[in-house]
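A quick write-up on the structure given underneath.
The values are calculated or read from the model by the stated rules, or taken from the named source; none is laboratory data. Model, not experiment: these values are computed from the prediction. Glycine also receives a Cβ, built like all others from the backbone with ideal geometry; neighbour counts cover every protein chain displayed. For accessibility, only protein heavy atoms count, side chains too; no ligands or nucleic acids. Shrake-Rupley method; radii C 1.70, N 1.55, O 1.52, S 1.80 Å.
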Amino acid sequence: MKRLITLCVAILFVSCKKEVKIDYVLFSGKIDNPKQEILTILKGSKKIKEVSITNEGTFIDTLKIETGYYNLSHGNETTAMYLSPGDEINVTLNTEKFDETIKYSGLGSENSNFLAEKYMANENADINYIELFSKEETEFLKELNTIKNSKLEFLKKQKDLDLNFITLEEKNIEYDYLSSIQSYPSAHGYYTKKEDFKPSLEFLKPLDAIDYNNEVDYNNIDNYKNLVQRYYSNKINETENPKEVFETINKQTFPSLKTDLAKSLSYQITPNNENNEAYYNGIITMSSDEKFKEDLTNKYNKVKKLTKGMPSPKFVNYENHKGGTTSLDDLKGQFVYIDVWATWCGPCIKEIPSLKKVEKQYHGKNIAFISASIDREKDHDKWVKMVTDKELGGIQLMADKDWKSLFVTEYAIDGIPRFILIDPDGNIVSADAPRPSNPELIELFDELKI
């Protein structure tokens, strides 16, 4: 009897023992030809953890995470993963062919392998988006549905995927489809040069059913996140009363959306924005990041000083590609059109043919064309070579401290290319002038009788 009681007590003790819940992923692997000593795990733009890599390229660590999409970042490359607590993931890749070689193995690896395969499938599909968005409504929707169905078929063919993951991927495909419809009006107008293009009401109907306040989908599905941010950005940009829209966003939306919108909309505080005050006040209210708000306030105060007729900030002794140095004061007595660019900037390089054309058209006129590179010092030789190889005209200069150059910071430049027009007295005509490819630039030159 005593043995029976003891056994019962033992059974009771075992059955009542608290179950240990695993809230981490065991994460290991090997990187061939590592570019640095760490890899970074991200959730959106938020850094989750930095994992150390040995001299042999191996790593092992634990990631305390919730189920969802994550990114692995190493060097200049990033890849998507789907992780759940309890997973035991092993990653192998070669940085020489990052996306082509990345493989996952171990418990829970099937979902991440699918994401890697999906990325390569999308790359190989090589969709011509300019051609797609240039199509008229009927043909656009026909091709868009073909793309959507091919993605669904690709998903259905996969085996052993987590059911919750499949649901998220199906939503991702649908949101991608809706996002393309949302983008169509502006993209079609841009690519077909139909500035006043308006789609039919029937075309936009699929957007009517979207719930733009789904916090769960926003925090888990990138295509939904893009859809929602564009929706609210468009509402602000298109209204005559942005203050009212900002108030609605602050009252009705969730914290992560407000944080993201604050950061993206901060780039729209520019010298040409007539609603800078409404943008500034609205963004400040949306953000809880004190450092961000401090930086935004500094930018806003600088932008207020960049109005037409104000004295221009100056650059002093910038290196001239032809030898010696050049300062802004050296060019007094003539208009100065400044292109702030860099050799790594694709949109900057795209403007070069148009800039050459404008320079040729105004050769001998009372205007100097300056191209000021903000390349880093380590890329100095690359700048020298590109100017020579592309036979760039005008006055080619290199800024002294790249993004931190005083001229760049005083003009509140946080994106390039940026074009600036200064009058013969050294005062601002436009702190955010039209690009060379924009016909409005020649109209502005004509108004000034250059």
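For the range 218-229, does any single residue satisfy the condition of being open to solvent by 30 Å² or more (accessible area, probe 1.4 Å) and either closer than 21 Å to K304 by Cα or touching a strand residue (DSSP E or B) at 6+ places or on another chain (Cβ under 7 Å) (or both)?
As a first pass, look at the range 218-229 and keep what is open to solvent by 30 Å² or more (accessible area, probe 1.4 Å): 219-220, 222-223, 225-226, 229.
If we keep only those that are either closer than 21 Å to K304 by Cα or touching a strand residue (DSSP E or B) at 6+ places or on another chain (Cβ under 7 Å) (or both) as well, we get 220.
Checking the range 218-229: at least one residue is open to solvent by 30 Å² or more (accessible area, probe 1.4 Å) and either closer than 21 Å to K304 by Cα or touching a strand residue (DSSP E or B) at 6+ places or on another chain (Cβ under 7 Å) (or both).
Counting only residues that are open to solvent by 30 Å² or more (accessible area, probe 1.4 Å) and not β-branched (V, I, T), give me the strands (runs of 3 or more DSSP E) lying completely in the range 368-450 with at least 3 of them. I'd like the intermediate steps shown before the answer.
On the way: elements: 395-398, 418-422, 428-430.
By residue number, no strands (runs of 3 or more DSSP E) qualify.
List pairs: first in the range 136-161 and farther than 20 Å from N124 by Cβ, second not in a helix (DSSP H, G or I), Cβ under 8 Å, 6+ apart or cross-chain?
Within 8 Å, the pairs are E137/P199; E137/S200.
Mind checking whether some residue in the range 180-195 is touching a Ser or Thr at 6+ places or on another chain (Cβ under 7 Å), open to solvent by 50 Å² or more (accessible area, probe 1.4 Å), touching a residue at least 40 places away in the same chain (Cβ under 8 Å) and not polar (S, T, N, Q)?
Scanning the range 180-195 turns up at least one residue that is touching a Ser or Thr at 6+ places or on another chain (Cβ under 7 Å), open to solvent by 50 Å² or more (accessible area, probe 1.4 Å), touching a residue at least 40 places away in the same chain (Cβ under 8 Å) and not polar (S, T, N, Q).
Residues that are under 25 Å from N128 (Cβ atoms) and of a type in the set (V, I, T): which helices (runs of 4 or more DSSP H) entirely in the range 162-250 hold 1 or more of them? Full working, then the answer.
Working: elements: 163-191, 201-204, 215-220, 222-238.
Where helices (runs of 4 or more DSSP H) fall fully within the range 162-250 and carry at least 1 residues being under 25 Å from N128 (Cβ atoms) and of a type in the set (V, I, T), they are 163-191.
Restricting the range 154-170 to residues that are open to solvent by 80 Å² or more (accessible area, probe 1.4 Å) and not acidic (D, E), which is nearest to Y231 (Cα to Cα)?
Within the range 154-170, the subset open to solvent by 80 Å² or more (accessible area, probe 1.4 Å) is 156-157, 159-160, 163-164, 170.
Right, trim to not acidic (D, E) and you get 156-157, 159, 163-164.
Values: K156: 30, K157: 33, K159: 35, L163: 30, N164: 27 Å.
Ranking the qualifying residues of the range 154-170, first place goes to N164.
Any residue in the range 191-200 that is over 21 Å from Y69 (Cα atoms), in contact with an Asp or Glu (Cβ under 9 Å, 6 or more places away or on another chain), modelled with pLDDT under 95 and among the aromatic types (F, W, Y)?
Checking the range 191-200: at least one residue is over 21 Å from Y69 (Cα atoms), in contact with an Asp or Glu (Cβ under 9 Å, 6 or more places away or on another chain), modelled with pLDDT under 95 and among the aromatic types (F, W, Y).
Need pairs with beta-carbon distance below 6 Å; first residue of a type in the set (A, V, I, L, M) and within the range 259-283, second at pLDDT below 95 and not in a helix (DSSP H, G or I); sequence gap 6+ or separate chains.
A262/S287
Quick one: how many residues across the range 50-60 are of a type outside the set (A, V, I, L, M, F, W, C) and surrounded by 16 or more Cβ atoms within 10 Å (Cβ to Cβ)? Outline the logic, then answer.
Let us first name the residues in the range 50-60 that are of a type outside the set (A, V, I, L, M, F, W, C), namely 50, 52, 54-58.
Those left that are additionally surrounded by 16 or more Cβ atoms within 10 Å (Cβ to Cβ): 57.
Matching residues across the range 50-60 total 1.
Check every one of the helices (runs of 4 or more DSSP H) wholly within the range 267-366 and list those with 3 or more residues that are modelled with pLDDT of 95 or more and within 22 Å of F445 (Cα to Cα). Steps first, answer last, please.
On the way: elements: 276-286, 290-303, 346-350, 352-361.
Those helices (runs of 4 or more DSSP H) span 352-361.
Looking only at the range 105-153, filter to residues that are open to solvent by 80 Å² or more (accessible area, probe 1.4 Å) and of a type in the set (A, V, I, L, M, F, W, C); which one of those is farthest from P85 (Cα to Cα)?
My answer is I130.
Can you list the helices (runs of 4 or more DSSP H) found entirely within the range 101-158 that contain at least 3 residues being at pLDDT below 95?
Numbers: elements: 109-125, 129-134, 137-156.
Where helices (runs of 4 or more DSSP H) fall fully within the range 101-158 and carry at least 3 residues being at pLDDT below 95, they are 109-125.
Tell me, please, whether a residue that is within 27 Å of D217 (Cα to Cα), free of Cβ contacts under 8 Å to residues at least 24 places away in the same chain and aromatic (F, W, Y) can be found in the range 71-84.
So far as the range 71-84 goes, no, none of its residues is within 27 Å of D217 (Cα to Cα), free of Cβ contacts under 8 Å to residues at least 24 places away in the same chain and aromatic (F, W, Y).
Quick one: how many residues across the range 311-324 are without any contact (Cβ under 8 Å) to a residue 40 or more places away in the chain and loosely packed, with under 13 Cβ neighbours inside 10 Å?
The initial filter retains those residues of the range 311-324 that are without any contact (Cβ under 8 Å) to a residue 40 or more places away in the chain, namely 316, 323-324.
Remaining after also requiring loosely packed, with under 13 Cβ neighbours inside 10 Å: 323-324.
Result for the range 311-324: 2.
In this structure, does D23 turn out to be charged (D, E, K, R) and touching a Pro at 6+ places or on another chain (Cβ under 6 Å)? Spell out how you get there, then give the answer.
Values: charged (D, E, K, R): yes; touching a Pro at 6+ places or on another chain (Cβ under 6 Å): yes.
Yes.
Got a sec? Which of K308, K302, K356, K332 is out of contact with any strand residue (DSSP E or B) (no Cβ under 7 Å at 6 or more places or on another chain), under 20 Å from I450 (Cβ atoms) and either among the hydrophobic types (A, V, I, L, M, F, W, C) or in contact (Cβ under 8 Å) with a residue 40 or more places away in the chain (or both)? Don't jump to the end; show me each part of the working.
Numbers: K308 fails: out of contact with any strand residue (DSSP E or B) (no Cβ under 7 Å at 6 or more places or on another chain); K302 fails: under 20 Å from I450 (Cβ atoms); K356 fails: either among the hydrophobic types (A, V, I, L, M, F, W, C) or in contact (Cβ under 8 Å) with a residue 40 or more places away in the chain (or both).
Just one listed residue meets the conditions, K332.
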